[in-house]
Amino acid sequence: MPRAHIALIEDDPVFQSVVRQYLVNSGYDVCCADDGKQGIKLCQEECPDIVLCDLKLPDIDGLEVIEQLLKVCTQIPIIVISASEKMSDIREAVRLGAWDYLVKPVQDLSVIENAIENCLQRYQLEETYLHDVWELDAHIDILYQDDVIIGRLVEELLPDGPLNLNGYQFNCSINDSEKAPIWIDYRPLTEGRVLVIMAAAQNATEQNLLPLLVLKTLIDPLIRQHLSGHDNTLLAPGLLLQHLNHELCHSQVRTAFDALVGIVDTTKHSWLWAQAGDKFEPEPGAKPDLALGIWQHANFREHRIEHLHKLHCGHENTELTVTAVPQTV
């Protein structure tokens, strides 16, 4: 049985053949279209799990293809693969509903496979989330009685351990495992910068692990694109929250989130952040904006602190600290 059914809409015969052969060898079932109209018809007939679509097609624009596809198949994951690096094209594709954006030339085809798997994981998490909501009484209580499963899921939302970079130490502590789960992460980026993330779901029930895992999958493509030099959305926390908010408002996850995202620049000793919802209390702090997933047109302000020596973010019994470690002579 194939790992997934993929539709590839690509007019370059060489690139189409190379990608198709790679994906087939990786265990996927792949069908191809050479132009936009053929691609739309193909997707209507085949109902693929994932669509890979070029933006520059010979008959109709790839953005129009995305728009038409999502009118027919509202939730289908679409990954754009295009030679265009213009941020306007990327933003428009994401605004229309694309789940990921890869820039040609794609030197390592495993990048495409990773993007497909990330979309499949997010789709499955959203489907699981809906299933959880619909059949909560019958099934979910059983899941949450399994301490092993709960522990494994919670570990996915926490960093592996402390991070030390350029004289800064990043650490988190959780004093009460019985509290509602929270997502904490600090991820090294380029040029000595570190992405800091804290997020919590506003569900009234305790079953809010899955929405947090869905939120987590939205960050992975942006990290990959940043590290490959194609997208710096992560470096603008306000834009990052705006992107996450747009994705959540158009997803199947009907959950609001409190979130804090920021960039610690360990070479310039600065802290740039944006905050949605009021559950997190960074020190130094600023007035938060609207929580994520409530209003799709929400904007998020950025705040900056220069000469950063210590940062503390608290939420109930969870703490994240960033400390400039004194240098020894």
**Request:** Would you rank VAL264, VAL94, VAL72, VAL24 by solvent-accessible area, highest first, keeping every protein chain in place and using a 1.4 Å probe?
**Result:** VAL72, VAL24, VAL94, VAL264
**Asked** According to a simple spin-label model (label point 7 Å from Cα along Cα-to-Cβ), what is the distance in nm between CYS31 and ASN299?
**Response** 4.4 nm
**Prompt:** Which order do THR323, THR318 take by accessible area at a 1.4 Å probe, largest first?
**Reply:** THR323, THR318
**Asked** By how many nm would the segment from HIS230 to GLN21 lengthen if fully extended, with 0.36 nm per residue of separation less the alpha-carbon distance?
**Response** 72.7 nm
**Complete:** Contact order relative to length for the range 1-136, counting C-alpha pairs under 8 Å separated by 6 or more residues, stands in percent at 20 percent
**Asked** Of all DSSP beta bridges in the chain, what percent run antiparallel (nearest 5)?
**Response** 75 percent
**Prompt:** Which distance in nm do the two modelled labels at VAL72 and SER88 give, with both placed 7 Å along the Cα-to-Cβ direction?
**Reply:** 2.9 nm
**Item:** Structure-derived volume of the Cα convex hull per residue in Å³ - corresponding label in (1) 132; (2) 123; (3) 154
**Value:** (3)
**Item:** Inter-label distance, nm, simple model (7 Å from Cα along the C-beta direction), LYS56/CYS249
**Value:** 3.2 nm
**Prompt:** Where a Cα-Cα gap under 26 Å defines reach, which lysines qualify for LYS104, not counting those fewer than 8 residues away within the same chain?
**Reply:** LYS37, LYS41, LYS56, LYS86, LYS216
**Item:** Span from the the range 69-134 Cα centroid across to the the range 1-58 one, whole angstrom
**Value:** 14 Å
**Complete:** Summing +1 per Lys or Arg and -1 per Asp or Glu among the other residues with Cβ less than 13 Å from ASN25's Cβ gives 0
**Asked** So, with +1 on the Cβ of K and R and -1 on the Cβ of D and E, and no other charges, what is the size of the charge dipole of the chain about its Cα centre, to the nearest 20 debye?
**Response** 920 debye
**Request:** Heads up, I need the accessible area for ARG304: 1.4 angstrom probe, whole protein in place, Å², nearest 10.
**Result:** 130 Å²
**Message:** Just want the answer: with Cβ charges of +1 for Lys and Arg and -1 for Asp and Glu, which residue in GLN21, GLN242, ILE60 is farthest toward the dipole's positive end in the chain?
**Reply:** GLN242
**Asked** Taking amide hydrogens as modeled 1.01 Å from N in the peptide plane, which residues meet the under 5 Å criterion relative to TYR101, leaving out close sequence neighbours?
**Response** VAL80
**Prompt:** Counting alpha carbon pairs within less than 8 Å and at least 6 residues apart, what relative contact order, in whole percent, applies to the chain?
**Reply:** 13 percent
**Accessible surface of the chain, 1.4 Å probe, proportion on carbon and sulfur as whole %** = 49 percent
**Message:** Suppose all protein chains stay in the model; what accessible area per residue would a 1.4 Å probe give for the chain, in Å²?
**Reply:** 48 Å²
**Prompt:** Excluding ligands and nucleic acids, what accessible area in Å² is computed for CYS32 using a 1.4 Å probe, to the nearest 10?
**Reply:** 40 Å²
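The values are calculated or read from the model by the stated rules, or taken from the named source; none is laboratory data. Values in this document were obtained by computation on a predicted structure and should not be read as measured data. Cβ coordinates were reconstructed from backbone atoms using ideal geometry, including for glycine residues, and neighbour counts include every protein chain displayed. Each accessible area value is taken on the protein alone, full model and side chains, heavy atoms only, with ligands, DNA and RNA left out. Shrake-Rupley method; radii C 1.70, N 1.55, O 1.52, S 1.80 Å.
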